[in-house]
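Read the figures in this text as sums done on the coordinates, not as results from a lab. Since this is a predicted model, take the numbers as computed values, not measurements. Cβ coordinates were reconstructed from backbone atoms using ideal geometry, including for glycine residues, and neighbour counts include every protein chain displayed.
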Ligand SMILES: [Zn+2]
């Protein structure tokens, strides 16, 4: 019964073409997505953003954000298609380079949503995918109580580039064992945390 309900919520379909599929993405679609793959999935942020004030060491990007990839991301975030987490997590888990990189970490922190946004949407799309990834990478633990979104910001994609930084400023808090702390986390550069 539990599995039956779960399948209604998260159907066994290919997230891309919608056909019945137990693997969340069918072979045909896997091939179709190949042309959107970027050359280097794991990037050194210091090299790429050398002139920017960045606070992270690496970033992962598997696909170019265009066509079907963009469409599916929008459906996932705004179109009530929570079940697409399985497809996105599967794509990440099938990427050897990315998995090898993730195995170096012990904590995965999904980007949090403000509680009002999460209640309205019913799910946090990054949390669902991060949970699935954590379940499939040995020793990688999901942490959802460390980073909290305290400001209900405007939707970033509706803003101009320069407005996005302002919009997101001061929107997150780090919860330490002594309580919440505003601003930049001191441990952002620690090797074993991935957000
Ligand atoms: Zn398919």
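When each of the peptides 146-159, 97-110, 79-92 is scored by how many other beta carbons lie within 10 Å of its residues on average, the order from highest to lowest is 79-92, 97-110, 146-159.
Whole Å is fine, so just give me how far the alpha carbon centre of the stretch 12-81 lies from that of the stretch 99-145. So the two Cα centres are separated by 16 Å. Taking square-rooted eigenvalues a ≥ b ≥ c of the alpha carbon gyration tensor, is the stretch 84-148 rounded, prolate or oblate, where a/c under 1.5 means rounded and, failing that, a/b exceeding b/c means prolate? The shape class here is oblate.
Using a simple spin-label model with pseudo-atoms 7 Å out from Cα toward Cβ, residue 142 and residue 42 lie 2.3 nm apart.
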